[in-house]
Amino acid sequence: MLNELRCEACTSSAVALGAEERRLLLTELNDWQMIERDGIPQLEKVYKFKNYKLAWAFANQISELAEAEFHHPSILLEWGKVTVTWWSHSIKGLHQNDFICAAKCDQI
C-alpha cells in the first residue's frame, strides 16, 4: 500500500514516471485526478469541509506530512475546501513520492 511507504530522495538523475506507471499508481488512489499544468503532469484532489477552520486544520496537517516526508505540495486553502497538488519539481513530472504523499493525505 502506498500510504505505508516513505518518500525516497529525488535526485537530479531521477526519471519521471511514464504514462503507464502513472495510470497504474493512480488506480491505488481515491478520487485523485491527473492534471497537466504548463506541460507538467500533476496529481490533484479537492477536500471539502464544513468551514474555514476545519479546512485550515487539514492544510496544516498536510504541511506537517510534507515536512516529515521532505516533499512539498501546492496547497490552496479556501473557505470549506483545500486543494492539494503533488508533483516533483526537480524532474518536472510525477515520481512515486507524489503518489505516496497523495495516499498519505487520504489517511489524515
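Computed from the coordinates by the stated procedures, all read-outs in this text should not be read as laboratory data. Remember, predicted model here, so these are calculated numbers, not experimental data. Positions of Cβ are generated from backbone atoms using ideal geometry, with glycine treated the same way; all protein chains shown enter the neighbour counts.
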Nearest 10 degrees, 0 to 90: helix 52-69 Cα axis against the chain principal axis: 30 degrees
Given charges at Cβ of Lys, Arg, Asp, Glu: the range 36-108 dipole, positive-most of TYR52, LEU94, CYS105: TYR52
Just from its helices, what would the mean residue ellipticity at 222 nm be for the chain, if runs of 4 or more DSSP H residues each count -39500 (n - 2.57) and the sum is divided by every residue, rounded to the nearest 500 deg cm²/dmol? -11000 deg cm²/dmol
Please go through the chain and write out the GluC sites (Glu not before Pro) that DSSP classes as loop and that have at most 15 other C-beta atoms within 10 Å. GLU8, GLU28
Could you list VAL82, VAL15, VAL46 so that the one with the fewest beta carbons within 10 Å of its beta carbon is first and the one with the most is last? VAL15, VAL46, VAL82
Could you name the lysines whose alpha carbon sits less than 22 Å from that of LYS53, not counting residues in the same chain fewer than 8 places away? LYS45, LYS81, LYS104
